[in-house]
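Step one of this worksheet: look at the structure below.
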Amino acid sequence: MLTPILIDDDGFANKAKIILSPNFDSRPNKFNVNLIVIHNISLPPGIYGSNNIIDLFTNKLNPDDHEYLRSIASLKVSSHFLIRRDGSLFQFVSCLDRAWHAGESSWNQINNCNDFSIGIELEGSDYDEFEAEQYACLNELIQPLIKAYPIKDIVGHSDIAPSRKTDPGPYFEWGKIKTHFNHLPIKN
Ligand SMILES: [Zn+2]
């Protein structure tokens, strides 16, 4: 039987590989963490398995590697978590701090979702199914997050920034998320 993931008092998951990102700051209220935002990311889009996502979140992306990477290499972004195609879990920012994953966004009439959300990136795209290992890791991670923080909703990036973002995309199967919530918002 798997040992469950625990979130420690410093906001880190004990089973994640920790690679700290410099791209974060303090939450306006570190006790107000009530939203989980699911994303997909692949760099370049649709290409899996490189370290480009980790390099992006740690400002180490080599702009000479690929034309697409050049266009994003100067971005200062991060996420709390990344789940790669093999289900491995990485953490870049403490859940108590504000990662820079959502950008301009709004949920329940409150703007700037980075202030009060935890960002989880799945290595993937809008055009591919996600791996069973990724859903398993995501479910394993969501449970302790719900225990540690007053999470009220789990949404996609496209739910909080509908005019700008499409991720996690049509292949993300919301029905595979297991929570004790009675509902997940705005899912088809
Ligand atoms: Zn996103």
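Values quoted throughout were computed directly from the atomic coordinates according to the rules given, and no laboratory measurement underlies them. Remember, it's a predicted structure, so these values are computed and weren't measured experimentally. Cβ placement follows ideal geometry from the backbone for every residue including glycine, while neighbour counts extend to all protein chains displayed.
Take the Cβ-Cβ distance between residue 127 and residue 163 as r, set R0 to 22 Å, and report the resulting FRET efficiency rounded to the nearest 0.05.
0.60
Bin width 5 Å, alpha-carbon pairs only: give the P(r) of segment 11-56 as whole percents, running from 0 to the bin holding the largest distance.
The percentages, shortest bin first, are 5, 13, 17, 24, 24, 11, 6, 1.
Once phi is turned into ³J(HN,Hα) by the Karplus curve 6.51 cos²θ - 1.76 cosθ + 1.60 with θ = phi - 60°, what whole-Hz value does each residue of segment 7-14 show in order, with x for glycine and proline?
9, 7, 5, 8, x, 10, 7, 5
Considering the chain as a Gaussian network with a 10 Å cut-off on Cα pairs, which listed residue, 122, 82, 69, attains the greatest mean-square fluctuation?
Greatest mean-square fluctuation among the candidates belongs to 69.
May I ask you to derive the relative contact order of the chain, considering only C-alpha pairs under 8 Å and at least 6 residues apart, and to give it as an integer percent?
Reported as a whole number, the value is 28 percent.
Connecting C-alpha atoms closer than 10 Å in a GNM of the chain, tell me which of 19, 146, 53 has the biggest fluctuation.
Highest fluctuation of the listed residues: 19.
Search the structure for amide H atoms under 5 Å from the amide H of residue 118, placed 1.01 Å from N in the peptide plane, and list their residues when 5 or more places away or on another chain.
Result for residue 118 returns 35, 36, 37.
For a 28 Å ceiling on Cα separation, which of these pairs sit above it: 15/60; 15/76; 17/147; 60/178; 152/176; 76/147? Mind showing how you got there, number by number?
Details: 15/60 24 Å; 15/76 26 Å; 17/147 21 Å; 60/178 35 Å; 152/176 18 Å; 76/147 30 Å.
Pairs exceeding 28 Å: 60/178; 76/147.
Residue 9 to residue 31: extension gain in nm, 0.36 nm per residue of separation minus the Cα-Cα distance?
6.7 nm
Provide the per-residue ³J(HN,Hα) series for segment 15-21, in order, calculated from phi with Karplus coefficients 6.51, -1.76, 1.60 and θ = phi - 60°, each as a whole number of Hz, with x at glycine and proline positions.
Working through the residues one at a time gives 9, 8, 7, 8, 10, 6, 9 Hz.
What does the charge dipole of segment 134-180 about its Cα centre add up to, to the nearest 20 debye, if the Cβ of each Lys and Arg holds +1 and the Cβ of each Asp and Glu holds -1?
About 80 debye.
Which three lengths, in whole Å and largest first, does segment 85-169 cover when its Cα atoms are put on their principal axes?
For segment 85-169, the Cα extents along the three principal axes come out at 35, 31, 21 Å.
Would you mind computing Rg(Cα) / (2.2 N^0.38 Å) for the chain, counting N as its residues?
Rounded to two decimals, the normalised Rg is 0.95.
Of 3, 151, 137, which is farthest on the positive side of the dipole of the chain, counting Cα position, with +1 on Lys and Arg Cβ, -1 on Asp and Glu Cβ, and the Cα centre as origin?
151
Taking 0.36 nm per residue of sequence separation and subtracting the Cα-Cα distance, how much length would be gained by fully extending the chain between residue 19 and residue 136, in nm to one decimal?
40.0 nm
Just 39, 157, 66 to compare: in a GNM of the chain, with alpha carbon springs under 10 Å, which one fluctuates most?
Among 39, 157, 66, the largest mean-square fluctuation in the Gaussian network model of the chain belongs to 66.
Projected onto the charge dipole of segment 12-107 (+1 at Lys/Arg Cβ, -1 at Asp/Glu Cβ, origin at the Cα centre), which of 72, 39, 26 gives the Cα projection farthest towards the positive end?
26
What is the Cα centroid distance between segment 1-38 and segment 111-173, reported in whole angstrom?
14 Å
On a full-extension model of 0.36 nm per residue, what is the gain between residue 109 and residue 76, subtracting their alpha-carbon distance, rounded to one decimal in nm?
9.3 nm
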